[in-house]
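The values are calculated or read from the model by the stated rules, or taken from the named source; none is laboratory data. Keep in mind that what you see is a predicted model, and the values were worked out from it rather than measured. A quick note on method: Cβ atoms are made from the backbone with ideal geometry, for glycine too, and the neighbour counts reach across all protein chains shown.
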Amino acid sequence: MASVKSKAGANNESSPYRESARAGAGSPSLVAGAASLSLNSSRAYALEDFDTIATVGTGTFGRVFLVRDKKSRGFFALKAMKIPDVIRLKQEQHVHNEKEVLTEVNHPFLIKLFWTHHDERFLYMLMDYVPGGELFSYLRSRGRFSNGTGLFYTSEIVCAIEYLHARNIVYRDLKPENILLDHDGHIRLTDFGFAKKLSDRTWTLCGTPEYLAPEVIQSKGHGRAVDWWALGVLIFEMLAGYPPFFDDNPFGIYQKILAGKLEFPRHLDFYVKDLIKKFLVIDRARRLGNMKNGADDVKRHRWFKTVDWDAVPMRRLKPPIVPKVSHEGDTSNFDVYPEDEWKKEPPVPPKDLEIFKNF
């Protein structure tokens with residue numbers, strides 16, 4: 001339930017579980033190695049505590065496995081990342097950022113991290129398994145969502161973003177592939193490889209081309225406002241079935257984003273068009289969500305007039321899609337991946353391992 005993407009520059013990989021394990025590792029030899037710590041759990045784990053059931057995501061330098069705790073019989077997602085690939089792709093800082101952010105957060109709409117670990121070949125992150133699959137899959141199968149369905153997902157995402165921003169965390173990778181549905185149909189944001197704790201601005205070019213804010217493309221330094229821009233893109237894609245800025249190559253996409261020209265399908269609700277326009281404002285000082293009242297300005301927008309904002313984080317809104325999940329370890333909502341043995345990686349030299357000594 002994490003993603004394993006190349007974090008160098010803008011990347012456009014497919015999906016959280018699909019790219020899971022932001023690094024790559026073959027069936028991790030479940031062998032205990034160095035540093036382990038317990039995060040959102042009172043228990044310290046070891047790799048031998050788990051049986052590997054299936055691969056539920058792959059990516060540039062990792063995999064996400066569904067694993068089962070031999071003692072409790074509970075299911076988890078284990079993200080395994082190949083250390084040599086993390087280093088080759090210069091993703092060391094992103095991996096550390098992901099751990100730092102996930103260690104700090106606890107929210108019903110965010111993935112939970114229970115344990116991190118490394119041995120001489122791989123980095124591991126143990127997270128909760130979210131069996132409903134990616135929002136991306138449901139959007140592609142339906143073509144587009146109704147106004148009410150888009151409103152439900154947007155409301156839950158607004159609460160997740162508000163929570164992160166209150167902790168000075170910018171997410172930077174909002175897209176349908178990184179939104180999982182739990183067995184009841186509520187959202188969980190996953191793949192925090194681009195997330196970062198901000199002191200001021202950051203300059204790294206990262207994200208998915210169609211979702212990048214203008215200030216990221218222009219390398220002006222960016223902050224939390226990029227998440228509100230991405231939300232505007234996401235709402236458009238959910239309700240139209242395609243993103244507002246697309247082209248055959250990233251450069252063409254960037255040109256369209258900077259031109260800022262929006263063409264709405266005719267069926268879109270008047271208020272949602274107004275909301276999208278207010279998110280997709282090139283001047284971030286005037287972008288909804290990034291002004292003095294922050295997320296409160298967003299919540300007060302007319303499109304949300306029927307939403308009881310106190311009920312949203314309590315998971316009291318009725319989900320429009322309830323995934324078909326037969327049991328906690330059901331993998332039917334994810335793609336099937338060949339369970340090939342990963343190439344046996346040579347152990348990483350001690351000087352390289354030193355980078356991850358606190359992981």
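Inside region 142-169, can you point out the residues that are part of a helix (DSSP H, G or I) and either acidic (Asp, Glu) or surrounded by fewer than 16 Cβ atoms within 10 Å (Cβ to Cβ) (or both)? Explain how you work it out, then say what you get.
Residues of region 142-169 part of a helix (DSSP H, G or I): 142, 147-166.
ARG142, ASN147, GLY148, GLU156, GLU162, ALA166, listed by residue number.
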task = Tell me which residues, restricted to region 173-199, are out of contact with any Asp or Glu (no Cβ under 7 Å at 6 or more places or on another chain) and part of a loop (DSSP other than H, G, I, E, B).
result = LYS175, ASP182, HIS183, ASP184, GLY185, THR190, LEU198, SER199
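Among the residues of region 102-141, which ones are part of a loop (DSSP other than H, G, I, E, B) and modelled with pLDDT of 95 or more?
In the first step, residues of region 102-141 are kept if they are part of a loop (DSSP other than H, G, I, E, B); the result is 105-109, 111-112, 119-121, 129-133.
Hits for region 102-141 are VAL105, ASN106, HIS107, PRO108, PHE109, ILE111, LYS112, TYR129, VAL130, PRO131, GLY132, GLY133.
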query = Given VAL130, VAL95, which one is hydrophobic (A, V, I, L, M, F, W, C) and touching a helix residue (DSSP H, G or I) at 6+ places or on another chain (Cβ under 8 Å)?
reply = VAL95
key: Complete set of residues in region 83-101 that are in contact with a Ser or Thr (Cβ under 9 Å, 6 or more places away or on another chain) and at pLDDT 95 or above   = LYS99
query = Name the residues in region 30-52 that are modelled with pLDDT of 75 or more, crowded, with 16+ Cβ neighbours inside 10 Å and in a strand (DSSP E or B), would you?
reply = PHE50, THR52
query = Quick one: is LEU198 farther than 28 Å from LYS318 by Cα, in contact with a helix residue (DSSP H, G or I) (Cβ under 8 Å, 6 or more places away or on another chain) and either without any contact (Cβ under 8 Å) to a residue 24 or more places away in the chain or not small (Gly, Ala, Ser) (or both)?
reply = no
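Filter region 227-252 for residues that are touching an Asp or Glu at 6+ places or on another chain (Cβ under 7 Å) and at pLDDT 95 or above; which is nearest to HIS301 (Cα to Cα)?
VAL233
Take the conditions without any contact (Cβ under 8 Å) to a residue 60 or more places away in the chain, part of a loop (DSSP other than H, G, I, E, B) and assigned by TED's automatic domain parsing to the domain that holds LEU139 and apply them to ASP310. Does it pass? Don't jump to the end; show me each part of the working.
Details: without any contact (Cβ under 8 Å) to a residue 60 or more places away in the chain: yes; part of a loop (DSSP other than H, G, I, E, B): yes; assigned by TED's automatic domain parsing to the domain that holds LEU139: no.
Here the answer is no, as ASP310 does not meet what is asked.
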remark   = If we keep only residues of region 298-348 that are under 21 Å from the mean Cα position of the chain (by Cα) and among the aromatic types (Phe, Trp, Tyr), then the residue modelled with the lowest pLDDT is TYR337
query = Which one is surrounded by the most Cβ atoms within 10 Å (Cβ to Cβ), of the residues in region 251-289 that are in contact (Cβ under 8 Å) with a residue 40 or more places away in the chain and closer than 13 Å to ILE217 by Cβ?
reply = ILE257
